[in-house]
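The values are calculated or read from the model by the stated rules, or taken from the named source; none is laboratory data. From a predicted model like this one, the values you see are computed outputs, not experimental measurements. Note: ideal-geometry Cβ built from the backbone for every residue, glycine included; neighbour counts use all protein chains shown. In case anyone asks, the SASA skips ligands and DNA or RNA and just uses the protein heavy atoms, side chains included. Shrake-Rupley method; radii C 1.70, N 1.55, O 1.52, S 1.80 Å.
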Amino acid sequence: MTVQDVSHLFKISWGTVKQIDKEYLQKHYSKPVLKDVEFIAIDEFAFQKGHKYQTVVYDLKAGRVIYVGAGRAEESLDKFWKRLRHSGAKIQAVAMDMWLPYFNAVITNIPDAKIVFDRFHIFKLMNQTMDEVRRALYHDEVFLNNRSVIKGIRWLLLKNEKNLSDEKDERKLLEQALQINKPLAEAYYLKEELGQLWLQNTREDAERFLTSWAKRAWATTIQELRKLVKTLLGHRTGILNWFDYRISTGPLEGFNNKIKVLKRKAYGYRDMEYFALKIYALHENRYGLLR
């Protein structure tokens, strides 16, 4: 039920209903308890067009948002660190992507916590690299018929091999393109192989696998792959920490979808404090009053 629905039902002003709702939220949800928090995820979501973001901290064990901050800079988390210090909580690990401001904020404020770089973000980087390789080869391809083949397989290159549809001849089309261009084939098979990193039995096995994969990717001399190699090796500790703390930003990304639905149903929020309070209460399924 929306604020407008309640206003209409009880014949009181929209502003009055909103204020009652806001006061209720402030009383029950404005200060999430942090003392037992051990594993968190940090991510951002867009709340307005024009690259307007909010930073969200998520308690991975409790399954709830424990902080919302404006922007996605290091300073966006300042108030959270202050509350965390007062709570006495001991954060063991933080799941996040490779966004530098968040990384700097974490190592500065909770240096003993282990950073776990989200594996799905690594897959995203690999797919972006694959697409960059395809575009570069397309522009360099001298034969027009080969260019048309390369151009038409973008989504096949980004698909997991096991998800290719034989009914649509996707596997056949992909094999045709890979036969045409050796660098494209090298990049594709390296992309598929990288996914095996998280199937290794131990951290030591994973480190050996990553080192071997990086050497082979570097040896291709494909500049886009070499750039990715530098990124992965520069962040290898956070990648390998997954074998000690098997956490990810996945649950938070799922929660961000709920935030988007909340925003969409309310047609946006002008009162950002009210919006943040709504987010804090969003894990409570029974609480459904919208703007």
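Before moving on, here are some points about what is shown:
- Amide hydrogen neighbours beyond the local backbone of residue 64, cut-off 5 Å, H modeled: 59
- Probe 1.4 Å, all protein chains present, accessible-area order of 280, 274, 189, 53, largest first: 189, 53, 280, 274
- Net dipole in debye of the range 24-129 [+1 Lys, Arg Cβ; -1 Asp, Glu Cβ; about Cα centre; nearest 20]: 360
- In this rough spin-label picture, where each label sits 7 Å from Cα along the Cβ direction, the residue 108-residue 52 distance is 2.6 nm.
- Model label points for residue 203 and residue 260, set 7 angstrom from Cα along the Cα-to-Cβ axis, are 3.4 nm apart.
- If you sort 134, 203 by accessible surface, 1.4 Å probe, largest first, the order is 203, 134.
- Potential lengthening between residue 136 and residue 271 on full extension [0.36 nm per residue; Cα-Cα distance subtracted]: 44.0 nm
- Residues residue 81 and residue 193, FRET efficiency given R0 of 51 Å [Cβ-Cβ distance, rounded to 0.05]: 0.85
- Accessible area of residue 123 in the full protein assembly, 1.4 Å probe (Å², nearest 10): 70
- With θ taken as phi - 60° and the Karplus curve 6.51 cos²θ - 1.76 cosθ + 1.60 applied, the whole-hertz 3J(HN,Hα) list for the range 64-71 is 8, 6, 10, 6, 10, x, 6, x Hz, x standing for glycine and proline.
- 3J(HN,Hα) along the range 235-249: 10, 4, 4, x, 5, 6, 4, 4, 6, 9, 9, 7, 10, 8, 7 Hz, from the Karplus curve 6.51 cos²θ - 1.76 cosθ + 1.60 with θ = phi - 60°, whole Hz, x for Gly and Pro.
- Projected label distance in nm at residue 70 and residue 120, using a 7 Å step from Cα toward the beta-carbon: 3.0
- Under a 5 Å amide H cut-off, with hydrogens placed 1.01 Å from N, residue 70 pairs with 55 among residues at least 5 apart or on other chains.
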